[in-house]
Every structure is written in C-alpha cells, then in structure tokens.
Amino acid sequence: MGRIDKTNYYLDIAETVLERSTCGRSHYGAIIVRNDEIVSTGYNGAPRGRDNCIDLGYCLREKLNIPHGQRYELCRSVHAEMNAIISASRSECLGGTLFLAGKDAKTGEYLETVQPCSMCRRVIINAGIKKVVMRTGKDQYETVNVQEWVFNDESIMDRVPEGFSFEQKPEAQ
C-alpha cells in the first residue's frame, strides 16, 4: 500500500469531521490547514444549544422543496466552513487552505457539487484563506484560489433586480 498524498490526507480528515454533521440533508466537514498543521475543524449543524434537524426529524428547506443552493436563511445550520473559521483566529487562517468534503445525508454518496455558498465565500475571503480544496470523489478534488472569488463574484448576479445596471448612479435625494 502506497502512502497517501497530503491533499487526500487532509480531505480524508475533513470527511471524518463531516460525520459529526447534524443536518438531515447534507453532511459537510471542513478543516483549515496552515503551514502543514490543522488549525481548526467544522461541520454543519445548528448553533450551540438549538435543536438540530436530525433531532427534530425534519429539514425545513426540504419540507418546503427548496432546491440545494437556495434560501439558506431558512436553514437551521451554521455551515462547516463558517464553523471552522469561527473556531480559529484570523491570524491562524491567513494564507491557509480550507479543505471541504460533503456527502448526501441519506445515501452517503459524495455530493456532485461541493462549492461554498455565497455567504461562506465572503467569510472565507475575509478570513484570509488562500485556497479551498473541495472533494468531488474518493480521490478526486478541485482547488480554487480564493482571489478568483474576490475578482469574479458571480454569486450575487442572480439576485440583482431586473433592469439594474452597475453603471447607474443612485439618484440624488
């Protein structure tokens, strides 16, 4: 048996972290690594002291048939990326790498798309994380340079009111 490469080593740890997830829909695990040391971990679940979806026996977003990637304000959970960042100081995150793994809560299958939501992207940017590595299969992953999100933020484009132009200046009151 050969030695596992560092990227899959860290992704395997993030995958183990996701086993603590309390979401009834998707399980995510995240770890932040800086200078080849794990700084913090996080999984998705309700804020401390609140009931989790698995304890309630339902997911509100699922009950309302809300597609993945939409209406996160209705979700009980704090996302794995945010929990990992909350557990670390900014100085520990600066220049670090966030490793992210996700699985379907019901099937245990890897999620086809493991992209941080627009809010998590903003938090990742502000934490000073340099890159995000997302598991797409047992030994497959994608890597994103966080600077790409700074200069190519398309996460808000589908929420801009129709007819709005970024070249428009607000009318004087």
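The values are calculated or read from the model by the stated rules, or taken from the named source; none is laboratory data. All values reported here derive from a predicted model rather than from experimental measurement. Cβ atoms come from the backbone with ideal geometry, glycine included; neighbour counts cover every protein chain shown. SASA here: full protein model, heavy atoms, side chains in, ligands and nucleic acids out. Shrake-Rupley method; radii C 1.70, N 1.55, O 1.52, S 1.80 Å.
Within segment 58-87, restricting attention to residues that are under 13 Å from the mean Cα position of the chain (by Cα), assigned to a loop (DSSP other than H, G, I, E, B) and of a type in the set (Gly, Ala, Ser), which residue is surrounded by the most Cβ atoms within 10 Å (Cβ to Cβ)?
Checked segment 58-87; the qualifying residue surrounded by the most Cβ atoms within 10 Å (Cβ to Cβ) is Ser77.
Tell me which of these Asn35 doesn't satisfy, since it passes every other one: (1) within 23 Å of Cys117 (Cβ to Cβ); (2) over 17 Å from the mean Cα position of the chain (by Cα); (3) among the polar types (S, T, N, Q).
Result: Asn35 passes all but (1).
Looking at (1) touching a Phe, Trp or Tyr at 6+ places or on another chain (Cβ under 9 Å); (2) farther than 19 Å from Met134 by Cβ; (3) of a type in the set (Gly, Ala, Ser); (4) in a helix (DSSP H, G or I), can you tell me which one Ala14 breaks?
Of (1) touching a Phe, Trp or Tyr at 6+ places or on another chain (Cβ under 9 Å); (2) farther than 19 Å from Met134 by Cβ; (3) of a type in the set (Gly, Ala, Ser); (4) in a helix (DSSP H, G or I), only one is false for Ala14: (2).
When only residues in segment 96-107 that are over 16 Å from Val123 (Cβ atoms) and among the small types (Gly, Ala, Ser) count, which is most open to solvent (accessible area, probe 1.4 Å)?
Ala105
May I ask you to verify whether Asn35 is at pLDDT 95 or above and more than 19 Å from Tyr141 (Cα to Cα)? Lay out the reasoning, then the answer.
Numbers: at pLDDT 95 or above: yes; more than 19 Å from Tyr141 (Cα to Cα): yes.
So Asn35 fits the description; yes.
Of all residues in segment 30-51, count the ones that are over 23 Å from Arg135 (Cβ atoms) and either in contact (Cβ under 8 Å) with a residue 24 or more places away in the chain or in a strand (DSSP E or B) (or both).
4
Filter segment 63-85 down to the residues that are among the hydrophobic types (A, V, I, L, M, F, W, C) and modelled with pLDDT under 90, then identify the one that is farthest from Leu100 (Cα to Cα). Steps first, answer last, please.
Let us first name the residues in segment 63-85 that are among the hydrophobic types (A, V, I, L, M, F, W, C), namely 64, 66, 74-75, 78, 80, 82, 84-85.
Next, from what is left, pick out any that are modelled with pLDDT under 90: 64, 66, 74-75.
On the way: Leu64: 27, Ile66: 23, Leu74: 22, Cys75: 19 Å.
Here the answer is Leu64.
Identify the residue in segment 129-143 that is open to solvent by 20 Å² or more (accessible area, probe 1.4 Å) and not in a strand (DSSP E or B) and, among all such residues, is farthest from Ile54 (Cα to Cα).
Within segment 129-143, the subset open to solvent by 20 Å² or more (accessible area, probe 1.4 Å) is 130-131, 136, 138-143.
Going one step further and asking which of them are not in a strand (DSSP E or B), we end up with 130, 136, 138-140.
Working: Lys130: 33, Thr136: 25, Lys138: 25, Asp139: 29, Gln140: 29 Å.
Ranking the qualifying residues of segment 129-143, first place goes to Lys130.
When the residues of segment 30-57 are filtered to those that are of a type in the set (Gly, Ala, Ser) and buried (at least 20 other Cβ atoms within 10 Å of the Cβ), which remaining residue is farthest from Phe99 (Cα to Cα)?
Initial filter on segment 30-57 (of a type in the set (Gly, Ala, Ser)): 30, 40, 42, 45-46, 49, 57.
Filter once more, keeping what is buried (at least 20 other Cβ atoms within 10 Å of the Cβ): 30, 40, 42, 45.
Working: Ala30: 5, Ser40: 11, Gly42: 10, Gly45: 18 Å.
Selected residue: Gly45.
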